[in-house]
Amino acid sequence: MRSLRASQSELATESQALVHKLNTQLYVLIEQMKHSQHVIHAVTEKVIPVLEQAFEQAEKAYKAGMYSYTEWMNTQQELLNAQSGLIGAYQNAHLNNIEIERLTGTSLFAINKASNVPFNKTSNEK
């Protein structure tokens, strides 16, 4: 009888440790997802529009003979690097979403719908 209770206690402790570990993993993934969403928003709303405008101006200056080919290509490369970074952020968000779904057994959409709080809503937004 004592052996059975000891086994039950040991299993309960292991179960609690596993739940804690999974909750920690889930928290880390959610924070990484939030970071990816922040990067996506910042790059989409602030960085890429500025770089697109700079590229257009550089292209006009190049065609007018005011910029060298290298200067024009550098602005294009900066835009391409930002777009590549945006793709990477989307990829990270997607991979984190997959892992969250694997850990929870449900989609973020279902979690958001059940909680009535948008996933990407930060605590300082009103």
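A few comments on the model shown:
- Looking only at residues of segment 38-55 that are β-branched (Val, Ile, Thr) and either under 19 Å from Thr75 (Cβ atoms) or out of contact with any Gly (no Cβ under 9 Å at 6 or more places or on another chain) (or both), we find that the one that is surrounded by the fewest Cβ atoms within 10 Å (Cβ to Cβ) is Val50.
- Unmet criterion (only one of (1) within 22 Å of Lys34 (Cβ to Cβ); (2) surrounded by 11 or more Cβ atoms within 10 Å (Cβ to Cβ); (3) among the small types (Gly, Ala, Ser); (4) without any contact (Cβ under 8 Å) to a residue 60 or more places away in the chain) for Ser68: (1)
- Matching residues, segment 55-105, being under 30 Å from Gln25 (Cα atoms) and either in contact with a Lys or Arg (Cβ under 6 Å, 6 or more places away or on another chain) or not in a helix (DSSP H, G or I) (or both): Gly105
- From the list Glu10, Glu31, the lone residue that is without any contact (Cβ under 8 Å) to a residue 12 or more places away in the chain, assigned to a helix (DSSP H, G or I) and within 16 Å of Asn92 (Cβ to Cβ) is Glu31.
- Qualifying residue in segment 15-23 (condition: part of a loop (DSSP other than H, G, I, E, B) and in contact with a helix residue (DSSP H, G or I) (Cβ under 7 Å, 6 or more places away or on another chain)): no
- With respect to the stated conditions, Ser3 fails to be part of a helix (DSSP H, G or I) and in contact (Cβ under 8 Å) with a residue 24 or more places away in the chain.
Laboratory data are not the source of any read-out in this text; all were calculated from the coordinates shown. Everything numeric in this text was worked out from a predicted model, so none of it was measured. Heads up, the Cβs are rebuilt from the backbone with ideal geometry, glycines too, and the neighbour counts pull from every protein chain shown.
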